[in-house]
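Structure first, then comments.
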Amino acid sequence: MELKFAQSILLGFGLKEAIVSIKRVESGLINSTFVLNSKTNSYILQAINTNVFPSYEEGLKNILTVGNWLKKKNYPYSFPLPINGQYLKVKNEVWRLMPYVKNSVSYNRVSSLGQVKSAANCLGEFYHHLSDFNTKNLLVTLPNFHHGNTIILKFEEALLNSNQERLLLTRSLINEIEKELPILNKWDEVCNSLPKRVIHYDTKINNFLFEKKTDKVLALIDLDTLMPGCVLSDIGDMIRTYSNTLGEESKDISEVTCNKDIVAAIVNKFKDSLTLREIEYLIFGGLAITFMQSVRFLTDYLNNDIYYKTNYENQNLVRAENQWRLFLHLKKL
Ligand code: GN1
Ligand code: MG
């Protein structure tokens, strides 16, 4: 991004500071993210992927509603909100600016049990501080986001429309995955039987900001998917991304495994704060979300990578295989 352009966006938000440097943030598979530094402040600037988030204005309302609520309730973590409570449209792009959380860092894979516990604590506090929030006050901005049957239908559609080359390359994974698809129907049944809560819906490891040099979580970020849902979407995604100590981008597929101590630490953190039925299904949540993610990556691969950003040929296939491998290990728990 050019300095001049970033400067004009900052000005669009009413800020007159001179930007001295810009850094692209590589994590995040949907939006594009940059850190802008002036002499005195740092900001996060994001271009919202409006193909994936067509209802981004409703999404902004959800972010502000939840943000204001948490502020009133003294939620003990940062919850960085879009500056001016608005997005800025420039030509065909939609931008948001947020304060940078000082002294923070994010990781694509876990390096200590302390990080796991701290992140699970943060998510627990998030639920706790929203426990009397009426989920009807949130708009459903991505209908059927984690709906198992919708994900099956999209996968089947991709199978019908995919090019022959990609179909051939994925044949054996497709065969394996097809046998397990009923998990996604069970997922729908289980989720429908659990309480509706405010769900983050994207609790992967790099959406937690840690304090530099400690294991302490400062914030749970990336709020485009805040919606009503069931806890298994979030805790399942924590299990998926924290237990896979090589990370979801690892190409070392045969080495991908799930760390049982990490799964146990996550489940343990929630055992006193959820309903019995939610607790009973936490590990199933991790299993189903991992399988779902494998299907979603494979679907995108068959669709020629139209949803998740990629940096190299076949990256979505590698991701799908990585998740499949993790799923096989989780299944043995
Ligand atoms: C996407 O954009 P990012 O990286 O935060 C995706 C999540 C997936 C994740 C997999 C709206 O999240 O659902 O779990 O990639 N977000 C959306 O890394 O589809
Ligand atoms: Mg996200």
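The values are calculated or read from the model by the stated rules, or taken from the named source; none is laboratory data. Quick caveat, the model's predicted, so the values are computed rather than measured. Note: ideal-geometry Cβ built from the backbone for every residue, glycine included; neighbour counts use all protein chains shown.
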Could you identify the single residue in 162, 172 that is of a type in the set (Gly, Ala, Ser) and touching a Leu at 6+ places or on another chain (Cβ under 8 Å)? 162
Going by the structure shown, is residue 47 more than 11 Å from ligand 1 (Cβ to nearest atom), in contact with a strand residue (DSSP E or B) (Cβ under 9 Å, 6 or more places away or on another chain), in contact (Cβ under 8 Å) with a residue 40 or more places away in the chain and of a type outside the set (S, T, N, Q)? yes
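Results for (1) at positive phi; (2) within 16 Å of ligand 2 (Cβ to nearest atom), shown as yes or no for each residue.
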position: 169; (1), (2): no, no
position: 173; (1), (2): no, no
position: 180; (1), (2): no, no
position: 185; (1), (2): no, no
position: 195; (1), (2): no, no
position: 209; (1), (2): no, yes
position: 213; (1), (2): yes, no
position: 217; (1), (2): no, no
position: 220; (1), (2): no, yes
Quick count over segment 124-169, residues being among the aromatic types (Phe, Trp, Tyr) and in a helix (DSSP H, G or I), is 3
In segment 7-27, how many are without any contact (Cβ under 8 Å) to a residue 24 or more places away in the chain, under 23 Å from residue 209 (Cβ atoms) and small (Gly, Ala, Ser)? 1
Taking only pairs six or more apart or across chains, which ones have beta-carbon atoms under 8 Å, a first residue in segment 164-179 that is among the hydroxyl-bearing types (Ser, Thr, Tyr), and a second residue that is surrounded by 14 or more Cβ atoms within 10 Å (Cβ to Cβ)? 170/298; 170/301; 170/302; 170/317; 170/320
Do any helices (runs of 4 or more DSSP H) lying entirely in segment 260-321 carry at least 3 residues that are in contact (Cβ under 8 Å) with a residue 40 or more places away in the chain and at negative phi, and which ones are they? 260-270, 282-302
Would you check if residue 229 is within 16 Å of ligand 2 (Cβ to nearest atom), crowded, with 17+ Cβ neighbours inside 10 Å and modelled with pLDDT of 95 or more? yes
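Does residue 250 satisfy the criteria of being at pLDDT 95 or above, part of a loop (DSSP other than H, G, I, E, B), more than 30 Å from residue 81 (Cα to Cα) and among the small types (Gly, Ala, Ser)?
When the stated conditions are applied, residue 250 passes them.
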Taking the conditions exactly as written (among the polar types (S, T, N, Q), away from ligand 2 (no atom under 16 Å from the Cβ) and out of contact with any Phe, Trp or Tyr (no Cβ under 9 Å at 6 or more places or on another chain)), does residue 161 satisfy them or not? yes
Pairing a residue in segment 142-158 that is under 17 Å from residue 234 (Cα atoms) with any residue that is in a helix (DSSP H, G or I) and among the aromatic types (Phe, Trp, Tyr), where Cβ atoms lie under 6 Å and the two sit 6 or more apart in sequence or on different chains, gives 148/187
Pick from segment 1-27, criterion at pLDDT 95 or above and within 16 Å of ligand 1 (Cβ to nearest atom), ranking: surrounded by the fewest Cβ atoms within 10 Å (Cβ to Cβ): 24
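Suppose the filter is under 21 Å from residue 131 (Cα atoms), buried (at least 16 other Cβ atoms within 10 Å of the Cβ) and within 10 Å of ligand 1 (Cβ to nearest atom); does residue 221 pass it?
The answer is yes for residue 221.
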Is it true that some residue in segment 5-13 is over 27 Å from the mean Cα position of the chain (by Cα), of a type in the set (Gly, Ala, Ser) and closer than 22 Å to residue 89 by Cβ? yes
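Could you identify the single residue in 30, 83 that is touching a residue at least 60 places away in the same chain (Cβ under 8 Å), crowded, with 16+ Cβ neighbours inside 10 Å and within 16 Å of ligand 2 (Cβ to nearest atom)? If you could, list the steps in order and put the result at the bottom.
On the way: 83 fails: within 16 Å of ligand 2 (Cβ to nearest atom).
Of the residues listed, the single one that is touching a residue at least 60 places away in the same chain (Cβ under 8 Å), crowded, with 16+ Cβ neighbours inside 10 Å and within 16 Å of ligand 2 (Cβ to nearest atom) is 30.
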Could you go through segment 248-256 and let me know if any residue there is within 15 Å of ligand 1 (Cβ to nearest atom), crowded, with 22+ Cβ neighbours inside 10 Å, more than 28 Å from residue 100 (Cβ to Cβ) and of a type in the set (S, T, N, Q). no
